[in-house]
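Written out below as structure tokens is the structure these notes cover.
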Amino acid sequence: MNTWGAYSYKDSLDILRTTVKARNTAATLEDFSVTFKPTEYGSDLLMGWDDTFVEIPIQKL
């Protein structure tokens, strides 16, 4: 697939879709940042940029 941007995006091909609440960061993030935070049952995926971040829980089955 040779696609730049989202011009040929098809939501039917999504593997995962979730809804989470966006929150404000304690400090401004200059670059888009991604990290994982270990939890008791898996980890949380944290993604943030500027003054906003989201936390997506990921659990082991």
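For the chain, the share of accessible area belonging to carbon and sulfur comes to 56 percent (1.4 Å probe, ligands and nucleic acids excluded).
In order along segment 27-37, phi translates into HN-Hα couplings of 9, 5, 9, 5, 10, 4, 10, 9, 8, 10, 10 Hz, rounded to whole numbers, per the Karplus curve 6.51 cos²θ - 1.76 cosθ + 1.60 with θ = phi - 60° and x for Gly and Pro.
Annotation: Asp14 carries an accessible surface of approximately 60 Å², with a 1.4 Å probe and no ligand, DNA or RNA atoms counted.
Taking every protein chain into account, the accessible area of the chain amounts to 95 square angstrom per residue (probe 1.4 Å). Just need the relative contact order of the chain here, percent rounded to a whole number, with Cα pairs under 8 Å and 6+ apart. Value for the chain: 29 percent.
Once you have the Cα-Cα distance between Trp49 and Leu13, take 0.36 nm times their residue separation minus that, and quote the gain in nm to one decimal.
Roughly 10.4 nm would be gained on extension.
Compactness of the chain is given as radius of gyration and Dmax, 14.5, 40 Å, from Cα positions.
Each Lys and Arg contributes +1 and each Asp and Glu -1, all at the Cβ; summed about the Cα centre of the chain, the dipole is approximately 260 debye. Restricting the chain to chymotrypsin sites (Phe, Trp or Tyr not before Pro) that sit in a DSSP loop and have at most 11 other Cβ atoms within 10 Å of their own Cβ leaves Trp4, Tyr7, Tyr9, Tyr41.
The values are calculated or read from the model by the stated rules, or taken from the named source; none is laboratory data. Remember, it's a predicted structure, so these values are computed and weren't measured experimentally. For neighbour counting, all protein chains shown are included, and Cβ atoms are generated from backbone atoms with ideal geometry for every residue, glycine included. In case anyone asks, the SASA skips ligands and DNA or RNA and just uses the protein heavy atoms, side chains included. Shrake-Rupley method; radii C 1.70, N 1.55, O 1.52, S 1.80 Å.
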